[in-house]
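**Student:** Shown below is the structure under consideration.
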Amino acid sequence: MIDAQSLTRRYGEFTAVDGISFTVDEGEIVGMLGPNGAGKTTTLRMITGFLPPTDGHLTVGGRDLFSDPVAARREVGYLPENVALYPEMRVAEYLRYRAMLEGLPRAKARPRISETVKSCFLEEVENQIIGTLSKGYRQRVGLAAAILHHPSVLVLDEPTVGLDPKQIIAIRELIRELGHKQTLLLSSHILPEVELLCDRVIIIDRGRIVAEGSPRDLQDSWVGNTILRVELKDDPGEAPEVLAAIPGVVGIVSGDTGCYRLECSTNTDPRQSVFEAAKERDWVLLELAHEQASLEDIFVRLTTQEPVPSSGRGELGDASQEEVPS
Ligand code: ATP
């Protein structure tokens, strides 16, 4: 359904997407995961025809995006990160407008809009002005507009960003339902979201794919080292430094206040040393246990977190703007 080969996008001297290749098969839900600036949005915008690739080959729904761009774009429904919705329009009016843009004849558009309003749970706001809707409802309108023309591929960029927990649950349910009917590629940096929704995950960092597989496969790929969970009361400030220096500890894969996940080399069991270090410093040890590597551990291990230097980039200046459907 999506076949990207050596897909590249450069902004001046800066390479945002660096020759990535991947496929998304029919009926699959694939999550693109990566830290800020990894190249997720750039990749999605190329797939949806909003941004021309600098290099590579790309087919969507069997249509070549280079030689047959209009047909290829018809195959795709796109919910951009910052969706532009015409706040002065009413929901139904906006959907009629989008149906017209998609070339749906009036007779076909009417039942299609009713069906979409229903499937996106928009009935109660159908006649409301978009500008007065909550962010969650606006996101649903964006989704409705994206699926209105029955695209074979649905591309969602950070679909739950900025929503409250209740709205997140509702949008996730909707996405899961849509995923039964359509091929779906979504980007996120919320790991549990990707774990919950996706059959397969593509981890991207600095424009390159660093891992790919089902969440389960990725977890199983964590071979060799083990994870030790350490929980301390009142999080002593020196804890990261002390724990990282314990023999057998390779590094700290994640740490919230008082909770540390230590990566330990195979055949070592630093539990006793951790206990002794805590005792020596009067730390209160609340938990000390081995754990299975999580998708988050894999993510942290594979992706670099330092900011990308901004020098040498082209000044195209279209990265953060709202995307108006064309
Ligand atoms: P986030 O999770 O923060 O949305 P992302 O993975 O979607 O990040 P992109 O938006 O694809 O990342 O950006 C990839 C890189 O390309 C970033 O370093 C970004 O600053 C750069 N970039 C994006 N658009 C432009 C542009 N128009 N001109 C110059 N650089 C750009």
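**Student:** What tally of residues in the range 269-284 results from selecting those that are open to solvent by 50 Å² or more (accessible area, probe 1.4 Å) and not in a helix (DSSP H, G or I)?
**Tutor:** Qualifying residue count, the range 269-284: 4.
**Student:** Moving to a separate point now. So, of the residues in the range 195-208 that are open to solvent by less than 50 Å² (accessible area, probe 1.4 Å) and within 13 Å of the ligand (Cβ to nearest atom), which turns out to be nearest to Ser152 (Cα to Cα)?
**Tutor:** Checking each candidate, the answer is Ile202.
**Student:** So, one more: Which condition from (1) open to solvent by 30 Å² or more (accessible area, probe 1.4 Å); (2) over 27 Å from Leu196 (Cα atoms) is the one that Ala16 breaks?
**Tutor:** (1)
**Student:** Let me ask something else about it. Looking at the range 121-133, which of its residues are under 15 Å from Arg96 (Cα atoms), open to solvent by less than 50 Å² (accessible area, probe 1.4 Å) and in a loop (DSSP other than H, G, I, E, B)?
**Tutor:** Within the range 121-133, Leu122 is the sole residue that qualifies.
**Student:** Can you work out which of the residues in the range 176-194 that are aliphatic (A, V, I, L, M) and under 13 Å from the mean Cα position of the chain (by Cα) is most open to solvent (accessible area, probe 1.4 Å)?
**Tutor:** Among residues in the range 176-194 that are aliphatic (A, V, I, L, M) and under 13 Å from the mean Cα position of the chain (by Cα), the one most open to solvent (accessible area, probe 1.4 Å) is Ile190.
**Student:** Okay, moving on. List the residue pairs whose Cβ atoms are under 7 Å apart, where the first residue sits in the range 155-179 and is at positive phi, the second is open to solvent by 60 Å² or more (accessible area, probe 1.4 Å), and the two are 6 or more positions apart or on different chains.
**Tutor:** The qualifying pairs are Glu158/Glu81; Gly162/Lys135.
**Student:** Answer yes or no as to whether Val76 is at pLDDT 90 or above and either closer than 20 Å to Val210 by Cα or crowded, with 19+ Cβ neighbours inside 10 Å (or both).
**Tutor:** Taking the combined requirement at face value, the residue satisfies it.
**Student:** Could we say that Leu122 is more than 24 Å from the chain's Cα centre (by Cα) and closer than 26 Å to Gly31 by Cα here?
**Tutor:** In short, yes.
**Student:** Among the residues of the range 167-185, is there at least one that is within 16 Å of the ligand (Cβ to nearest atom) and modelled with pLDDT of 85 or more? Outline the logic, then answer.
**Tutor:** Going through the range 167-185, the residues within 16 Å of the ligand (Cβ to nearest atom) turn out to be 185.
So of that shortlist, the ones also modelled with pLDDT of 85 or more come out as 185.
Yes; the residues of the range 167-185 include at least one that is within 16 Å of the ligand (Cβ to nearest atom) and modelled with pLDDT of 85 or more.
Conditions (1) open to solvent by less than 50 Å² (accessible area, probe 1.4 Å); (2) closer than 15 Å to Ala289 by Cα; (3) of a type outside the set (A, V, I, L, M); (4) outside the structural domain of Val30 (by TED's automatic domain parsing), marked per residue:
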| position | (1), (2), (3), (4) |
| --- | --- |
| Pro215 | yes, no, yes, no |
| Val230 | yes, yes, no, yes |
| Asp234 | no, no, yes, yes |
| Glu238 | no, no, yes, yes |
| Glu241 | no, no, yes, yes |
| Ala245 | no, no, no, yes |
| Val249 | yes, yes, no, yes |
| Ile252 | no, yes, no, yes |
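The values are calculated or read from the model by the stated rules, or taken from the named source; none is laboratory data. These numbers were taken from a predicted model, which means no experiment stands behind them. FYI the Cβ positions are ideal-geometry reconstructions off the backbone, even for glycines, and counts take in every protein chain you see. These area figures cover heavy atoms from the full protein model, side chains too; ligands, DNA and RNA do not enter into them. Shrake-Rupley method; radii C 1.70, N 1.55, O 1.52, S 1.80 Å.
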